[in-house]
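Let me begin by presenting the structure, written as structure tokens, before commenting on it.
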Amino acid sequence: MSSRVATAVSIVVVIIGVVVLREQTMTRHEPGVAGTATEVVVSATTRNAEPTTTNAELTAALVSICRVEVEAEPVSDLERVPAEDHRYRLVLAPALDEFDQRQLHGCLEDAAISHLQVKVVALRQLEWPES
Amino acid sequence: MKKLPWLVGIAAVIGCAGYVFVYLYRWEWHRALVMGIFLVAAEIPVATALVLRRVGSASHAGNAGHASNGARPPGPDPAVLARIQAAAPRRAHFAWLDPRTGRTNVFITMFVGGGILISGLAWAIDRLASRTGGRRLEGDLAGRLGTIAFPAEGLIADDTELLAEEAPFHDDPGLRLLLGTDRRP
């Protein structure tokens, strides 16, 4: 009798786990809203990089890789944040939905380019009037 | 203390598996791949230890069963062995040579056997050739080299030959060849 109960509980736990995992991992994109944008601010550090490459070059390479994974276009260049060392800012329009934000965040912080580590400092929505 | 390796191994497996899903959730593919490799690396020793433990317990249980049944030493039961031998399938050696099978599923056997036979034949031919062909070849070579060998009497003419040069009626062709009198006008 106890083994049947344990089996039933295990089946229920597995089903709930699969449903929760599906809810957390399945991507459901929403159409972008015009007039909005997403500002991304990253902090980039390099270690043992080639002497001919700069922190800004490596960050620009990583951003160009990750930018194509989301459904938005950059509306500004990757620019250094004033008065902040090794911080860069990029604006993408239209604003990213939840899953695109998560995807961009993960791509930027993943170890995609050697000698470069990027930390996403800010990822927020902005009003961005269309020109 | 013996449970500590098990705890470490299982914790490593659970931790690696959990972080695989965490990194997938965060869209950090490279980290997820690396953690998947760690997961496999942690699974292998745990799975190996589980299998070895199961084999060890089965062996221990078998020995314990023999001990509890009496003083019979562990070994094959003659009755069981006789039944197994009686039920053994009849083996048909060289069945691949039987034309009634109508199938060509013996290529490996033929290749291996044929390779052994051909190798033996090649070895025999090599031994025979090394014992017979060498002397014949050396004799032929010595004969061909004889045409370009130096004359046994040497190339320098002695006084007698130099004096013989003055006698054009001398009919020694070797001497004329050696002294070059044939080519002189």
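In the stretch A:1-88, one over the average inverse separation of all distinct C-alpha pairs is 17.7 Å, which is the Kirkwood hydrodynamic radius. At an R0 of 22 angstrom, the distance between the Cβ atoms of residue A:20 and residue B:14 translates into a FRET efficiency of 0.80. Take the Cα of residue A:124, step 7 Å toward its Cβ, do the same at residue B:33, and the gap between the two points is 3.5 nm. Dividing the convex hull volume of the alpha carbon atoms of the stretch A:27-131 by its residue count gives 96 Å³ per residue.
The relative contact order of the stretch A:1-116, computed from alpha carbon pairs under 8 Å that lie at least 6 residues apart in sequence, is 35 percent.
Per residue of A:102-109, what is the mean number of Cβ atoms on other protein chains within 10 angstrom of that residue's Cβ? Don't skip to the end; give the middle numbers.
Numbers: counts 3, 3, 1, 3, 10, 5, 2, 4.
Mean shielding by partner chains, rounded to a whole number: 4.
A short reminder: the numbers here are calculations on the coordinates, not readings from a lab. Just so you know, these numbers come straight off a predicted model, no measurement behind them. Methodologically, a virtual Cβ is constructed for each residue, glycine included, from the backbone with ideal geometry; neighbour enumeration extends over all protein chains shown.
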